[in-house]
Amino acid sequence: MFEIDVTIAGGGVVGCAVAAACARKGWSVVLLEQEAGLGRATTSRNSQVSHGGMYYPAGSLKARYCVAGRRMLKEFCLDHGVGYQECGKLIVATSADQLGELERLHALGTENGVEDLRLLDAGELSRLEPGIDGVAALHSPRTGILDAEGVAKAFARVAVGGGAQVMTGARLAGLERAPSGWLVSVESGAVERESWRHGSRCVVNAAGLWADRVAALAGIDPVARNWSLHLSRGNYFAVDPRHTGKVGHLVYPVPPADGSTLGAHVCLDLGGRMRLGPDYELLAGDPRPADGRFGLDADLDYRVDPARAAEFFAGARTFLPWLEIEDLTPDMCGLRPKLCLHGFRDFEVSRESDPDLVGLINLVGIDSPGLTSSPALAEAVAGLAAEILA
Ligand SMILES: Cc1cc2nc3c(=O)[nH]c(=O)nc-3n(C[C@H](O)[C@H](O)[C@H](O)COP(=O)(O)OP(=O)(O)OC[C@H]3O[C@@H](n4cnc5c(N)ncnc54)[C@H](O)[C@@H]3O)c2cc1C
């Protein structure tokens, strides 16, 4: 058994960013990722947008970490050779009754510190994006796109460079109290199973879709904390490549009033490929194994129902006048680790103070904008870990 300063469960972008931030402090760090590679779960099943931060209530963690995280992420990507493109974003109003909401987002974004936001009238919009129909738009020129899996791996490289041990195919399977922290049980290996325990003064739960279950391993009741994760699907459809280049910005509708999503939008990847999505598909039950067990990503259903094309087409056609339904093919799907299915819920970032839980930091409900926020979240977690390790 060996004594580690910080053990992190989860090698998505958040866990990798936390590992980098902790290794930079000179602490001994172990990162455990149950999949065979890093960043393979929600980190690689999203829109890969580095968000501005104009949607979230002022003062919320989502607003603060998103605005700070976008700047940090851009700098990190440029410094570490990770693909990043500041393509900009337009939130497009297609009727006069949406103008009020556009103005509200402009004011909120400005209050949150989003840079260079500007309201455009119909003429300015059509000069900027001739392929888009709309009566007005909110332009966020600093919003960008990036290689999300690449950034997770780059954070992990920084962590390893600082002495961290990054283990893939290694699942945090148990947590027991120890006098100076936690005894961490790890299961590793798909065929020849190996298991071990190590002592860790601090444990960070960055387990994404499984974060409520990792918290339960420590004896926390996720229901009592209101931390049960509700997984909702976000599906994407690819747009026929013959349209590549017709749109140069990310194009979003005015978001639905219930605040559950940003609305299915035009996503671009670094190769200019266009997709529509994600939508917001509620699931009848919990798609994860019952009885609190863990599973791998392969145990989750990520198939996209082709029949959803009609709904995507109807939504997108309001601002993409050239789109035909035949242009759409099912692409991919991501699962959101949501703390509530409707309305706003902030990230849960908690350093446990109960004597039975001291040394544990939980990150629960890290849905969008978790990718954008990851470096800022990681700095905040490193600050909490410093209090534990002091
Ligand atoms: C459809 C969709 C679109 C989105 N679009 C955007 C966007 O454009 N911009 C943005 O900022 N955010 C976006 N998000 C949110 C963003 O993808 C997530 O917030 C972010 O990826 C969360 O990263 P993570 O590291 O917390 O989780 P994950 O990427 O899920 O990583 C968690 C990791 O923990 C591992 N793990 C779980 N349990 C254990 C265990 N017991 N032991 C070891 N490892 C374990 C998992 O295998 C997984 O790799 C979107 C999300 C969805 C679903």
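The values are calculated or read from the model by the stated rules, or taken from the named source; none is laboratory data. Note that the structure is predicted; figures quoted are calculated from it, not measured. All Cβ positions, glycine included, derive from the backbone under ideal geometry; neighbour counts span all protein chains shown.
What about SER44, is it within 18 Å of LEU360 (Cα to Cα), more than 7 Å from the ligand (Cβ to nearest atom), surrounded by fewer than 24 Cβ atoms within 10 Å (Cβ to Cβ) and among the hydroxyl-bearing types (Ser, Thr, Tyr)? Lay out the reasoning, then the answer.
Values: within 18 Å of LEU360 (Cα to Cα): no; more than 7 Å from the ligand (Cβ to nearest atom): yes; surrounded by fewer than 24 Cβ atoms within 10 Å (Cβ to Cβ): yes; among the hydroxyl-bearing types (Ser, Thr, Tyr): yes.
Taking the combined requirement at face value, the residue does not satisfy it.
Out of (1) away from the ligand (no atom under 15 Å from the Cβ); (2) outside the structural domain of GLY181 (by TED's automatic domain parsing), what's the single condition that is false for HIS51?
(1)
Sort through ALA173, ALA159, ALA148, ALA137 and tell me the only one that's buried (at least 19 other Cβ atoms within 10 Å of the Cβ) and more than 21 Å from MET54 (Cβ to Cβ).
Details: ALA173 fails: buried (at least 19 other Cβ atoms within 10 Å of the Cβ); ALA148 fails: more than 21 Å from MET54 (Cβ to Cβ); ALA137 fails: more than 21 Å from MET54 (Cβ to Cβ).
Step by step, each of ALA173, ALA159, ALA148, ALA137 is checked, and only ALA159 is buried (at least 19 other Cβ atoms within 10 Å of the Cβ) and more than 21 Å from MET54 (Cβ to Cβ).
Could you say whether any residue in segment 14-32 is farther than 28 Å from ILE361 by Cα and either surrounded by fewer than 21 Cβ atoms within 10 Å (Cβ to Cβ) or near the ligand (Cβ under 10 Å from one of its atoms) (or both)? Break it down into steps so the answer makes sense when it comes.
Quick first cut of segment 14-32, residues farther than 28 Å from ILE361 by Cα only: none.
Looking through segment 14-32, none of the residues is farther than 28 Å from ILE361 by Cα and either surrounded by fewer than 21 Cβ atoms within 10 Å (Cβ to Cβ) or near the ligand (Cβ under 10 Å from one of its atoms) (or both).
Go through segment 320-357 and report how many residues are in contact with a strand residue (DSSP E or B) (Cβ under 8 Å, 6 or more places away or on another chain), hydrophobic (A, V, I, L, M, F, W, C) and either in a loop (DSSP other than H, G, I, E, B) or modelled with pLDDT under 95 (or both).
Quick first cut of segment 320-357, residues in contact with a strand residue (DSSP E or B) (Cβ under 8 Å, 6 or more places away or on another chain) only: 320, 323, 327-341, 345, 347-352, 356.
From what's left, hydrophobic (A, V, I, L, M, F, W, C): 320, 323, 328, 332-333, 335, 339-341, 347, 349.
Going one step further and asking which of them are either in a loop (DSSP other than H, G, I, E, B) or modelled with pLDDT under 95 (or both), we end up with 320, 323, 339-341, 347.
Final tally of qualifying residues: 6.
Has segment 186-200 got any residue that is under 16 Å from ASP5 (Cβ atoms), polar (S, T, N, Q) and part of a strand (DSSP E or B)?
Yes, there is a match, as at least one residue in segment 186-200 is under 16 Å from ASP5 (Cβ atoms), polar (S, T, N, Q) and part of a strand (DSSP E or B).
Looking only at residues in segment 358-390 that are in a loop (DSSP other than H, G, I, E, B) and over 17 Å from SER228 (Cβ atoms), which one is farthest from the ligand (Cβ to nearest atom)? Talk me through it step by step, then tell me what you get.
If we filter segment 358-390 for residues that are in a loop (DSSP other than H, G, I, E, B), which is where we start, we get 358-359, 365-369, 390.
Those still in the list that are over 17 Å from SER228 (Cβ atoms) too: 358-359, 368-369, 390.
Numbers: VAL358: 20, GLY359: 17, SER368: 4, PRO369: 4, ALA390: 26 Å.
The qualifying residue farthest from the ligand (Cβ to nearest atom) is ALA390.
Got a number for residues in segment 178-216 being more than 23 Å from the chain's Cα centre (by Cα) and either surrounded by 16 or more Cβ atoms within 10 Å (Cβ to Cβ) or not β-branched (Val, Ile, Thr) (or both)? It would help to see each step written out before you state the result.
The first filter runs over segment 178-216 and keeps only residues more than 23 Å from the chain's Cα centre (by Cα), leaving 178-202.
Next cut, either surrounded by 16 or more Cβ atoms within 10 Å (Cβ to Cβ) or not β-branched (Val, Ile, Thr) (or both) only: 178-190, 192-202.
Qualifying residue count, segment 178-216: 24.
Within segment 352-360, does at least one residue satisfy the condition of being under 19 Å from SER44 (Cα atoms), assigned by TED's automatic domain parsing to the domain that holds VAL204 and not β-branched (Val, Ile, Thr)?
Step one: filter segment 352-360 for residues under 19 Å from SER44 (Cα atoms), giving none.
No, segment 352-360 contains no residue that is under 19 Å from SER44 (Cα atoms), assigned by TED's automatic domain parsing to the domain that holds VAL204 and not β-branched (Val, Ile, Thr).
Looking at segment 220-239, which of its residues are within 16 Å of the ligand (Cβ to nearest atom) and either aromatic (Phe, Trp, Tyr) or on the phi > 0 side of the Ramachandran plot (or both)?
Correct list: TRP227, TYR236, PHE237.
Condition check: within 23 Å of LEU339 (Cα to Cα) and within 9 Å of the ligand (Cβ to nearest atom). Does ALA207 satisfy that? Before you say what the answer is, go through the steps one by one.
Details: within 23 Å of LEU339 (Cα to Cα): yes; within 9 Å of the ligand (Cβ to nearest atom): yes.
The answer is yes for ALA207.
Only one of LEU78, LEU90, LEU117, LEU61 is surrounded by 15 or more Cβ atoms within 10 Å (Cβ to Cβ) and either at pLDDT below 95 or away from the ligand (no atom under 16 Å from the Cβ) (or both); which? Don't jump to the end; show me each part of the working.
Details: LEU78 fails: surrounded by 15 or more Cβ atoms within 10 Å (Cβ to Cβ); LEU90 fails: either at pLDDT below 95 or away from the ligand (no atom under 16 Å from the Cβ) (or both); LEU61 fails: either at pLDDT below 95 or away from the ligand (no atom under 16 Å from the Cβ) (or both).
That would be LEU117, the only listed residue that is surrounded by 15 or more Cβ atoms within 10 Å (Cβ to Cβ) and either at pLDDT below 95 or away from the ligand (no atom under 16 Å from the Cβ) (or both).
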